[in-house]
1. Out of 221, 210, 155, 180, I need the residue that is surrounded by 18 or more Cβ atoms within 10 Å (Cβ to Cβ) and over 22 Å from residue 308 (Cα atoms). Which one?
2. Identify, from the list 257, 205, the residue that is part of a helix (DSSP H, G or I), out of contact with any strand residue (DSSP E or B) (no Cβ under 8 Å at 6 or more places or on another chain) and at pLDDT 95 or above.
3. What are the residues in the stretch 142-181 that are in a strand (DSSP E or B) and out of contact with any helix residue (DSSP H, G or I) (no Cβ under 9 Å at 6 or more places or on another chain), if any?
4. Does the stretch 97-141 hold any residues that are over 19 Å from residue 85 (Cβ atoms), out of contact with any helix residue (DSSP H, G or I) (no Cβ under 8 Å at 6 or more places or on another chain) and free of Cβ contacts under 8 Å to residues at least 60 places away in the same chain, and which are they?
5. Would you be able to tell me the number of residues in the stretch 285-312 that are within 19 Å of residue 246 (Cα to Cα), in contact (Cβ under 8 Å) with a residue 12 or more places away in the chain and in a loop (DSSP other than H, G, I, E, B)?
6. Does residue 276 meet the test of being over 15 Å from residue 230 (Cβ atoms), under 21 Å from the mean Cα position of the chain (by Cα), at pLDDT 95 or above and not in a loop (DSSP other than H, G, I, E, B)?
7. From the list 60, 23, which one is touching a helix residue (DSSP H, G or I) at 6+ places or on another chain (Cβ under 7 Å), touching a residue at least 12 places away in the same chain (Cβ under 8 Å), over 26 Å from residue 123 (Cα atoms) and part of a helix (DSSP H, G or I)?
């Protein structure tokens, strides 16, 4: 299984903070360094940086680690702008960009910046066309694309990606998102969820891939979350209680929520076993996601968890 370290820079932080974390993730052996793309935090006094701009910088300031945006809202950029920006960042990073694209959802950031946020049906329609547009741009057939929302003439769009530029589609839906992922994505991403939901989404994704003439086994499946892991049982109970309290919950209540969402928890041995079960069930990558101001992220704890599970 691959592992990515995922940050949420809208919680606060500068490019230098992001660079420090990316270089740290590279040094300890993460496969990728990921970040979200939001223009606003719910606390509007906190600065939020642009994802693709910062990943371009990281492409020059890091050496080997994959650089992942998970995900950029289609509402932020026309597909042509997204394609050009992604190909440029990919070139600058020597082929290390991984491009996640989603519908967008956070109403306040759209309202404050005057960015249109169509209804959900239209956003999914636009997502379908955006991904078809990107595939045409990054492909070699030069056939262009004609849709309801976007059009691309049959031209050779240059520059091309340096190599494979993986497209990631993620979300919590049980029908539309996995179907779109099956048709277009190189990676299908979701938050940790119960086994029944996971299997249902995977079936939808696989059928859509087959219907599109693709091999579903070639589509990477990834999960996002952060375990509650103790070095032993006593340490686990202490960490569980602290995490629960930070969310206004009792420890037992929070633990039941972890169980329902299939989010790894327990001692280091137990968490490693849960990750091994993920791998055995076809999960190819896991994003260790930390939502905190970049300058306050406890990298020692992230490394502690990573070292416990990296060989699963």
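1. Numbers: 221 fails: over 22 Å from residue 308 (Cα atoms); 210 fails: surrounded by 18 or more Cβ atoms within 10 Å (Cβ to Cβ); 155 fails: surrounded by 18 or more Cβ atoms within 10 Å (Cβ to Cβ).
Checking each option against the conditions leaves just 180.
2. From the options 257, 205, the qualifying one is 257.
3. 146
4. Within the stretch 97-141, 105, 107, 111, 114, 119, 120, 121, 122, 125, 140, 141 qualify.
5. 4
6. Working: over 15 Å from residue 230 (Cβ atoms): yes; under 21 Å from the mean Cα position of the chain (by Cα): yes; at pLDDT 95 or above: yes; not in a loop (DSSP other than H, G, I, E, B): yes.
So residue 276 fits the description; yes.
7. Answer to the selection: 60.
The values are calculated or read from the model by the stated rules, or taken from the named source; none is laboratory data. Here the structure is a predicted model, which is why all the values come from computation and not from measurement. Reconstructed Cβ throughout: ideal geometry from the backbone, glycine too, with neighbour counts over all protein chains shown.
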